[in-house]
Amino acid sequence: MRRLLVFLGFLCTVALPGLRAETPAEVVAKAVALEDKTDEQIALIKSLAPSPELLSLLTLWKEGGIFLVDLPDKSKLPVLLEEAKDADGKQAALLLQSGKPYADADGKPLRLLASDLSAAETDSELRSAMKSILDLAGLAAPDAKSRLRAIEIVGMEQDLAKLPALKERTSSELDAEVKHALLEAIALTELKSAEPETVVAACRALGELGSIRSQDALRLLTKESGPQVKAAVEALQKIERHLVNVNFWGTLFRGLSLGSVLLVAALGLAVTFGLMGVINMAHGEMIAVGAYTTYVVQCVFGPGLELSPFGLHIALPSLKATGWLYDCYFVVAIPLAFITAALAGILLERTVIRFLYRRPLESLLATWGVSLVVQQLFRLTFGANNVQVASPSWLSGNWTIHDVGIGWNRLFVIGFAAVIVVGIFQLLARTPLGLLMRAVMQNRAMAACMGVRTERVNLLTFGLGSGLAGLAGAFLSQIGNVGPSLGQSYIVDAFMTVVVGGVGSIFGTIFSALGIGMLDQTLQQVLGNPVLGKILVLAGIILFLQWRPAGLFVTRSRSLEN
Amino acid sequence: MSAQSRREIWIAATVALVLLGVMPALNAWVPESSFFFISNFTINVWGKYLAYGILAISVDLLWGYTGLLSLGQALFFSLGGYMLGMHLMLMIGKLGQYKSDLPDFLVFLGHTYLPAFWRPFYSLTFAAVMVFLLPMTISAVFGLLAFRSRIKGVYFSILTQALTYGASLMFFRNDMLMGGNNGFTDFKFMLGSDLRSAATQRVLYIFTGIVLLGVYFGCRWLTRTKFGLVQRAIRDSETRVLFSGYSAVQYKLFVFVISAAIAAVGGALYVAQVGIINPSEMTPDKSLEAVVWVAVGGRGTLVGPIVGAVLVNALKSWATHAIPDLWLILLGSLFLVVVLFLPKGIISIPSVLLDFYKRRIKRPEPAEPTPVTTSSAL
């Protein structure tokens, strides 16, 4: 009797399509229930028109998110499990075909344990069918980014069968970038065409588009014979020219951004070393102070932080911020990084450096000792490994303009360096403090005679320099790793930058930072080897100082010793 | 010969006798169970200290006597080590991991034959010559460039730091064919004798001691000649030396090259005894560490650097074992304290105390006019 009922039910489901159009969920549910009959499954899912619902269902299936409940009659019922788990780890189940809760005979919703169920399986044939459906459907995705990615994937497959789908999209596509990719994908696919004219046209199109991605396919083509060889060679030449352009602008951008990083790192040094003449080997650690401050602020906004230096236990509260509020952490971190590093700098000045103003070599050694101590303190407090600083979402994206990738964080560093430079110039040139600073740096004794409290000006200048290092740290945390030896990796470069620019000239520091950044990136591009580039830059600097021993911008003085 | 210098020689001779005569003898002939036995490990560690002492003298000759704070001494030290290391690598022969005539790392990198610049290093004489030649050439070229354009004071330090940094980056690379990150290690033989045997280690130790003694007396002689006088004059006021008609460039260059050679010898002896050399020995930090030894021991003297090198390294051996987390803090603080409060180092403690005693106890003494001392730096 029961078997009969089931059979009747089965008949109903099979007969139903005639009565009304099935929803994608119903079809997929049916396909899932078929289990091992791959051919029929493929036929079923291919019968559906692409829709967002189908895509999410197929993705879910592919990733093992659809579960099968064994019914008493040996057939299987596909269900989905809701995310929330209760105390026993059970999850509420939904029927795949209708989306309604899976209930027992009394209508009471059932809760199931995921580990008791088997996930709906897929074999490789089925998965590739799904993938091709997903790829093609991706062409129509509402979001331009995912559309772009789908088009690139389809293009690389060079499957002529997918050509109509691609061509169909060209008329409706509005986004310029996506359209560019679409044309590229079409041309790329047409390279496989049997007609030589189409291939030649496709080659020409690829050349016009400057398609870097198609170089391999075109190179393959040059090994064949016929008119397409010439077309392919021409296209390759065009792409090559395009590539040179891309590399040029890319290098320019990267050089500018590296230069800005150097500039930000060296500006603080330009103040303490350049203006005050203090060799602060712990400057790198001031950068690290800024970076760690950013890390702590981020942790307070996010999951909280527990530190245990020297057996102490410090638990920082968590704001549990998410979304835009979390992204704001960086805005809070910037001034805090400045203040923390400035305070650390002032402490250093009071306890060590003020005794050594007349002994520069000794201040080099003493501050190196400080840097060792501080590094070890970082290690003991935050651990010897790098800590993770996540960029806020408004810094982690990038634009691609004509194949040149422009990262927002790099762009931000460039802008920020410009802001700091303007700020410092304003401070030095327009404020009373700046006036006093310049007076003390030019002639300490004379300034003291005029009633300037040189001790205090020293303190503030050193605080400013250290604070700038802290700012640099906040930025470097967005670009590279934050670890105990973060400062060490920048200190040599920073000193070089200041020396090349001309000690005492902030203007020189700007020039040399950008110059060294550009040179470094150019050499990297030309030699294809970052370390060799760096070595050559160092050698270049040593030779440059032969030519201009006092750096780019010489601060003249009547003193013999300088 | 003044009484003080006679006393100094006596002390040096006693210490040398203990280190070079008594210690190896106790190691070789006293039974292991005896209280007086000195273990092979101790001999090896002291050999390392003495090699560091040689490096410290080279730093002091530049910094303490000429006012040039070079952060490149670690580079010359490791270069010397690398040159001898190349010979020792070749002496491993087929005993390496890959049972090949080539050094292991070359086999690992896929080389089938020895690169040309490696071949002469089969001869120990060539390697020994290169221990001197390479660091001296590099220091001569760099020194000439730096001194000619009157780079001095902290600029010299920063530039030598950059030189060392650049060189270490280069040696970290595998395609330099100098062992890359791992450097050279696993040495087996030198002049046919097993490097790991106690007897060889003892001989190397004594040899290191003799070299140190030779360097000490050589530098003692040099700093007491007229040359040494000019050298110290450059330290105290280079401008005045220039105005007096001396060419400071030549003097500085000579000292720089000599120091590089001394450091390189120290490095070669270090490598033979410690049995490993890699680019991390070449970083500017290592140079600064050697500066710490000199500062702690007492710069501007020749005993100070040796005392400092032995003391700080003994402290390091103990601290990295007993309080590994705090070692760097200890080192940094030690440095700070010495620079701030004890500019003349540990060996000045007796005279400081004596001064204190004289001033406190024997107050009624005519105040003698203190000579005007100019600051040593810049």
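Summary table
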item	result
Shielding by other protein chains, A:369-379, mean Cβ within 10 Å	6
Residue (of A:ALA291, A:GLY302, A:THR322) at the positive-pole extreme of region A:249-356, dipole from beta-carbon charges	A:ALA291
Accessible area per residue in Å² at 1.4 Å probe, computed on the protein assembly as shown	49 Å²
Label-zone membership for region B:11-25, site B:THR42, 7 angstrom Cα→C-beta point, backbone N under 14 Å	B:18-25
Farthest toward positive dipole pole in region A:246-555 [+1 Lys/Arg, -1 Asp/Glu at C-beta], among A:THR381, A:PHE338, A:GLY473	A:PHE338
Solvent-accessible ranking of B:PHE41, B:PHE356, A:PHE330, largest area first, probe 1.4 Å	B:PHE41, B:PHE356, A:PHE330
With all protein chains modelled, accessible area of A:ASP175 [1.4 Å, Å²]	50 Å²
Estimated inter-spin distance, B:ARG6 and A:ALA429, nm [label 7 Å along Cα→Cβ]	7.1 nm
Inter-part distance where region B:214-279 and region A:211-277 are each reduced to a Cα centre, Å	48 Å
Inter-part distance where region B:107-140 and region B:36-56 are each reduced to a Cα centre, Å	27 Å
Solvent exposure, largest accessible area first (probe 1.4 Å, DNA, RNA and ligands not counted), of A:CYS449, B:CYS219	A:CYS449, B:CYS219
Region A:246-555: relative contact order as a whole-number percent, Cα under 8 Å and 6+ apart	36 percent
Over region A:476-562, relative contact order from alpha-carbon pairs under 8 Å, at least 6 apart, %	34 percent
Distance between region A:329-361 and region B:186-207 - C-alpha centres, whole angstrom	51 Å
1.4 Å probe, heavy atoms, protein only - residues of region B:154-180 losing at least 20 Å² accessible area vs chain alone	B:VAL154, B:TYR155, B:ILE158, B:LEU159, B:GLN161, B:ALA162, B:TYR165, B:GLY166, B:LEU169, B:MET170, B:ARG173
Spin-label pair A:THR198/A:ASN443, simplified geometry with 7 Å Cα→Cβ offset, distance in nm	8.6 nm
Accessible surface of A:SER171 - all protein chains present, 1.4 Å probe, nearest 10 Å²	100 Å²
Chain B: DSSP helices with Cα axial extent of at least 30 Å and average Kyte-Doolittle hydropathy no lower than 1.0	B:124-148, B:248-274
Summed side-chain charge close to A:ALA469 - residues other than A:ALA469 whose Cβ falls under 14 Å, Lys, Arg +1, Asp, Glu -1	-3
Within 10 Å of each Cβ in A:533-539, the average number of Cβ atoms from other chains	4
Unit charges on C-beta of K, R, D, E only; dipole of region A:246-555, Debye	680 debye
Accessible area of A:TRP394 in the full protein assembly, 1.4 Å probe (Å², nearest 10)	100 Å²
Solvent-accessible area buried by pairing B with A, both sides, nearest 100 square angstrom, 1.4 angstrom probe	4100 Å²
Peptide-level mean, for A:486-492, of C-beta atoms on other protein chains within 10 Å	2
Carbon/sulfur fraction of accessible area - the protein assembly as shown, other protein chains in place, 1.4 Å, %	64 percent
Positive-pole candidate from B:VAL154, B:VAL241, B:VAL338, dipole of chain B, charges at beta carbon	B:VAL241
Overall dimensions of chain B by Cα: Rg and Dmax, Å	22.1, 81
Sequence of A:LYS223, B:LYS99 when ordered by accessible area, the most exposed leading, probe 1.4 angstrom	A:LYS223, B:LYS99
Unit charges on C-beta of K, R, D, E only; dipole of the protein assembly as shown, Debye	4580 debye
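The values are calculated or read from the model by the stated rules, or taken from the named source; none is laboratory data. Since the structure is predicted, the reported quantities are computational estimates derived from the model, not experimental observations. Virtual Cβ from ideal backbone geometry, glycine too; neighbours counted across all protein chains shown. Keep in mind that these areas ignore ligands, DNA and RNA; they rest on the heavy atoms of the full protein, side chains included. Shrake-Rupley method; radii C 1.70, N 1.55, O 1.52, S 1.80 Å.
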